[in-house]
Amino acid sequence: MNIVNEMNLNFEAKSINESFARSAVSSFVLSLDPTIAELSDIKTAVSEAVTNCIVHAYGYQGGTIYINARITDTGRIIIKVRDKGCGIPDVKQAMEPLYTTGGEERAGLGFAVMQSFMDRVQVRSAVLKGTTVTMEKAIIRCAKNERPQ
Amino acid sequence: MVEIERDNDTLTVKLKGDIDHHRCADLRRKIDARADSERPKTLILDFSCVQFMDSSGVGLVMGRYRQMSLLGGRLKVINVNDNINRVFRLSGLESLGVME
């Protein structure tokens, strides 16, 4: 598996940048000719990961969010969303659906959405150092005339 | 970015654009202010003009469900597209009976 394209994005952990982040990644993925549903899945997963950085990792205090996205010659997109925030003491617990430390208006579904919408999600975290979420998805290639409209 | 209309006992909120964590704080304020002052029997969240929503939208709906329960009214969520509906299905919101 070889990397055929790559991009890096650093931006401030401000909620106004959530739409920028998902739009930037989805634009990068367009070269794989994804379906609308695949693109929506990726946008949603990126939005969840970036929101986690803003709300949980940096606790609304700001910081930098780092996104690295790579496209492989096998048609996979690999997206890393990294922060240098507080870290997650118990990753297994944090990934349980409905678990949240973000208050009653947070659904606690961020990781569940990422896992459901992407093929693979890996979380590495160290307390007081930060968290890296790596997500992968295969973009199913088919002739344009075979795509659902 | 949001239109709120009153018709008898129903308050209809026409949501527009993307719904993410950034948008939700403002939406919550606007919807709660109208619902608290007007106390409708039914609050409708209309998603027909929403193209994107992440799980922040689930929190928005769950919060309004709680608010309407406290006010003695009910919540309805209408015109949800397939991509957004996948997020709602993951949340188990369908069991609350608010989805139409």
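A short reminder: the numbers here are calculations on the coordinates, not readings from a lab. Quick caveat, the model's predicted, so the values are computed rather than measured. When we count neighbours, we look across all protein chains shown, and the Cβ atoms used for this are built from the backbone with ideal geometry, even at glycine.
In percent, how large is the relative contact order of chain A, given Cα pairs closer than 8 Å and 6 or more residues apart?
Across chain A, relative contact order equals 27 percent.
Which lysines, if any, have their Cα less than 30 Å from the Cα of B:K41, not counting same-chain residues under 8 positions apart?
By straight Cα distance, B:K41 reaches B:K14, B:K16, B:K30, B:K76.
Specify the angular offset, from 0 to 90 degrees and rounded to the nearest 10, of the alpha carbon long axis of helix A:17-29 from the longest principal axis of the alpha carbons in chain A.
Taking Cα atoms only, the helix is inclined about 30 degrees.
State the dimensionless ratio Rg/Rh of the protein assembly as shown (Rg: radius of gyration of Cα atoms; Rh: Kirkwood radius).
On the Cα set of the protein assembly as shown, Rg over Rh gives 0.99.
Using a cut-off of 12 Å between alpha-carbon atoms, which aspartates and glutamates can reach A:K137, once sequence neighbours fewer than 8 places away in the same chain are excluded?
A:E38, A:D41, A:D119
If you take the beta carbon distance between A:I16 and B:R6 as r and set R0 to 45 Å, what does 1/(1 + (r/R0)^6) give as a FRET efficiency, to the nearest 0.05?
It comes to 0.90.
What is the mean number of Cβ atoms from other protein chains located within 10 Å of the Cβ atom of each residue in peptide A:112-121, rounded to a whole number?
Partner-chain Cβ atoms within 10 Å, mean over residues of A:112-121: 2.
Does anything in segment B:31-72 have its amide N under 11 Å from the 7 Å Cα→Cβ label point of B:I78, and if so which residues?
Correct set: B:43-48.
Give me the Å³ per residue figure for the convex hull around the C-alpha atoms of segment B:2-96.
Dividing the Cα hull volume of segment B:2-96 by its residue count gives 81 Å³.
Using DSSP to call loops (not H, G, I, E or B), can you name the trypsin sites (Lys or Arg not before Pro) in segment A:1-85 whose Cβ has at most 15 other Cβ atoms within 10 angstrom?
Listed in order of number, the matching sites are A:K14.
Across segment B:71-80, in residue order, what do the Karplus-derived ³J(HN,Hα) couplings come to in whole Hz, using 6.51 cos²θ - 1.76 cosθ + 1.60 with θ = phi - 60° and x for Gly and Pro?
With coefficients 6.51, -1.76 and 1.60, one gets 7, x, x, 9, 10, 10, 10, 10, 6, 8 Hz.
I'd like the trypsin sites (Lys or Arg not before Pro) in segment B:1-38 restricted to DSSP loop residues with at most 11 other Cβ atoms within 10 Å, sorted by number.
Of the trypsin sites (Lys or Arg not before Pro), not one in the loops of segment B:1-38 has a Cβ with at most 11 other Cβ atoms within 10 Å.
Around B:K76, which amide H atoms from residues at least 5 apart in sequence, or from another chain, sit under 5 Å from its own amide H, with H modelled in the peptide plane?
B:L43, B:I44, B:L45
Per the helix-only calculation at 222 nm, which mean residue ellipticity applies to the protein assembly as shown, given -39500 (n - 2.57) for every DSSP H run of n ≥ 4 and division by its residues, nearest 500 deg cm²/dmol?
-10500 deg cm²/dmol
Could you check the simple spin-label distance between A:Q122 and A:I3, using points 7 Å along Cα→Cβ, in nm with one decimal?
Taking the two extended label points, one gets 1.4 nm.
Apply the Karplus curve 6.51 cos²θ - 1.76 cosθ + 1.60, θ = phi - 60°, to the phi angles in segment B:10-21 and return the couplings in whole Hz, x for Gly and Pro.
10, 10, 10, 9, 8, 7, 9, x, 7, 10, 9, 4
Can you tell me the orientation of helix B:56-70 relative to chain B, as the angle in degrees between its alpha-carbon axis and the longest Cα principal axis, to the nearest 10?
It works out to around 30 degrees.
Residue farthest toward the positive end of the dipole of chain A, with Cβ of Lys/Arg at +1 and Asp/Glu at -1: which of A:M118, A:F20, A:T134?
Looking along the dipole axis, the top candidate is A:T134.
Let me confirm one metric for peptide A:22-32, namely the mean number of other chain beta-carbon atoms within 10 Å of its residues' beta-carbons.
Across the residues of A:22-32, the mean count of other-chain Cβ atoms within 10 Å is 1.
What angle do you read, to the nearest 10 degrees and between 0 and 90, between the alpha-carbon axis of helix A:36-52 and the longest principal axis of chain A?
It is inclined by approximately 20 degrees.
Taking the Cα centroid of segment A:69-98 and of segment A:1-64, what is the distance between the two, rounded to the nearest whole Å?
Segment A:69-98 and segment A:1-64 have Cα centres spaced 11 Å from each other.
Taking every residue in B:53-64, how many Cβ atoms of other protein chains lie within 10 Å of its Cβ, on average?
6
If you stretched the chain out fully between B:E100 and B:R39, how much longer would it get, using 0.36 nm times the residue separation minus the C-alpha to C-alpha distance?
Fully extending the segment from B:E100 to B:R39 adds 19.8 nm.
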